[in-house]
Amino acid sequence: MPGIDECLLEAMRLPGARGAALVDWTSGLALGVVGESPGGDHEAAAVEAAELARLAAEHRAFAPGDGGALGGATALPVEDLILSNRDSYHLLRFVPTPFDSSVFLHVWLARAEGNLALARIRLGEMAGRLVLA
Amino acid sequence: MTVIGTTPPPRLPVRDRSAAHEGAGGLSPMLTRLAAERATGVLVREHGSLHLADGEVVHAESPHAPGFDVLLTTHGTLDATTWQEALAQTGSKSGAVRLVVDRGRLTAGALELCHLGALFDAAYFALAPSSTPGRFRYGGGHQPGTVRPVTVDVMERETLRRRELLRRVWPDPLADSAPLIRVAPAAAPAVTARQSAVLTLVNGVRTATDIARELGRQAFHTLVDVRRLAAAGLVAPQPPPVRVSPPVPAVLSVSDPDITLLKRLRDALEAL
């Protein structure tokens, strides 16, 4: 069964992967990091990505039509976030946990080699395998 | 030509507070020393304890933060019976948690996530400023349930960052520990789903810690929401009851310089 490090190493096998992290979006804590970090500092990158994730998770405009009310107390209003710039993609995947938490997987991909569609599918599978028995 | 100069007086040994706060060791000189000597044992502080193995933090507990067993059982990730059985069978929390992972009731990832979350959560309170010096008990008292050890350096940096995060949200720390009451502002701002879960439990009696335990949520996460709600004017700490007891005799009153002196004395003793 995979732990945090195995999950991040698996994410690093995605085409074009430069770095991966598991981050708590309430506190900005990086629970695990592998590879390079965008901006050169893993902790700072985690804090900044957490800020973005928190906005997406909390604002009603991004929630599903039922307002996120269906699916129980630990259901997530948002699945993932995609951000692109001139040379890279950032993919943030919220991790559904059976207990109360606020974590997401963050993968940083080089734009030339990265495949966003593939990464999105794989990351969803990894997020599920990380916590669901 | 002779230049007559006087030797400048030696500088008084002043503790450089800014430097102490920037680097590691700003929180507890004792902890920094224990990390340097790769100590194993339990550091007991006023608001919680840190378990060290080879100078790294492997476990933390605080009465202010729900333990990982509470986080796991509240939402039915583990049902309470399974947990109690595992606990009875192994005799320790860490042994029990290993057992449920081995039986496939919990993935390794979920355990790491939950344990690490609870570790940083409890450490935040354990490393809070204290009025009494910490004690360290050497010895391999820790159970073999080490999940993911965290270095003291990372732990202290994260704790300082969390303090700063809370201060930026709402600078008054009173809401962290006092019973909370609901306030109805003229124009109530929208609250998030997680905040509204906190808000419904505010009843004038529960503190942020009580709410965290009830929700099976990390206490620091609850504090973030409580401070946001306080900043939005939706909750406030219960004002202390009006004292009817006779005023405290003046002999017992302490002025700030005394406290500063005592704290410096404590810091100096801890740093020995």
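The values are calculated or read from the model by the stated rules, or taken from the named source; none is laboratory data. Since the structure is predicted, the reported quantities are computational estimates derived from the model, not experimental observations. Glycine gets a Cβ as well: all are built from the backbone with ideal geometry, and neighbour counts include every protein chain shown.
From the list A:Leu81, A:Leu91, A:Leu118, the lone residue that is surrounded by fewer than 19 Cβ atoms within 10 Å (Cβ to Cβ) and within 16 Å of the chain's Cα centre (by Cα) is A:Leu118.
Among residues of region B:93-138 being among the basic types (Lys, Arg), within 14 Å of chain A (Cβ to nearest Cβ) and not in a helix (DSSP H, G or I), the one that is nearest to the chain's Cα centre (by Cα) is B:Arg105.
The requirement of being surrounded by fewer than 15 Cβ atoms within 10 Å (Cβ to Cβ) and farther than 25 Å from A:Pro2 by Cβ is fulfilled somewhere in region B:140-152, by at least one residue. All conditions but one from (1) under 16 Å from the mean Cα position of the chain (by Cα); (2) within 30 Å of A:Arg60 (Cβ to Cβ); (3) polar (S, T, N, Q) apply to B:Gln195; the one that does not is (1).
Taken over region B:143-195, residues that are part of a helix (DSSP H, G or I), within 11 Å of chain A (Cβ to nearest Cβ) and touching a Leu at 6+ places or on another chain (Cβ under 7 Å) amount to 4. On inspection, B:His47 qualifies as more than 10 Å from every other protein chain (Cβ to nearest Cβ), in contact (Cβ under 8 Å) with a residue 12 or more places away in the chain and farther than 19 Å from B:Val147 by Cα. If you filter region B:196-217 down to residues that are out of contact with any Ser or Thr (no Cβ under 7 Å at 6 or more places or on another chain) and outside any helix (DSSP H, G or I), you find that the one that is farthest from B:Thr77 (Cα to Cα) is B:Gly204.
Entry remark, region A:91-113: residues being more than 14 Å from chain B (Cβ to nearest Cβ) and within 24 Å of A:Val47 (Cα to Cα) number 8 in total. Quickly run through region A:35-70 and pick out the residues that are more than 13 Å from chain B (Cβ to nearest Cβ) and over 13 Å from the mean Cα position of the chain (by Cα). A:Gly35, A:Glu36, A:Ser37, A:Pro38, A:Gly39, A:Gly40, A:Gly65, listed by residue number. Taken over region B:218-235, the residue count meeting the criterion of being over 19 Å from the mean Cα position of the chain (by Cα) and in a helix (DSSP H, G or I) is 3.
Would you point out which residue out of A:Gly16, A:Gly35, A:Gly40 is touching a Lys or Arg at 6+ places or on another chain (Cβ under 7 Å), at positive phi and either surrounded by fewer than 22 Cβ atoms within 10 Å (Cβ to Cβ) or at pLDDT 95 or above (or both)?
Matching residue, one of A:Gly16, A:Gly35, A:Gly40: A:Gly35.
Tell me, please, whether a residue that is farther than 20 Å from A:Thr97 by Cβ and free of Cβ contacts under 8 Å to residues at least 40 places away in the same chain can be found in region B:124-136. Within region B:124-136, one or more residues are farther than 20 Å from A:Thr97 by Cβ and free of Cβ contacts under 8 Å to residues at least 40 places away in the same chain.
Restricting attention to region B:58-82, the residues being surrounded by 21 or more Cβ atoms within 10 Å (Cβ to Cβ) and either without any contact (Cβ under 8 Å) to a residue 24 or more places away in the chain or in a loop (DSSP other than H, G, I, E, B) (or both) number 6.
This table checks each residue for (1) modelled with pLDDT of 90 or more; (2) in contact with a Phe, Trp or Tyr (Cβ under 7 Å, 6 or more places away or on another chain); (3) on the phi > 0 side of the Ramachandran plot; (4) not small (Gly, Ala, Ser).
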{"position": "A:Ala30", "(1), (2), (3), (4)": "yes, no, no, no"}
{"position": "A:Ala46", "(1), (2), (3), (4)": "yes, no, no, no"}
{"position": "A:Ala57", "(1), (2), (3), (4)": "yes, yes, no, no"}
{"position": "A:Gly65", "(1), (2), (3), (4)": "no, no, no, no"}
{"position": "A:Leu91", "(1), (2), (3), (4)": "yes, no, no, yes"}
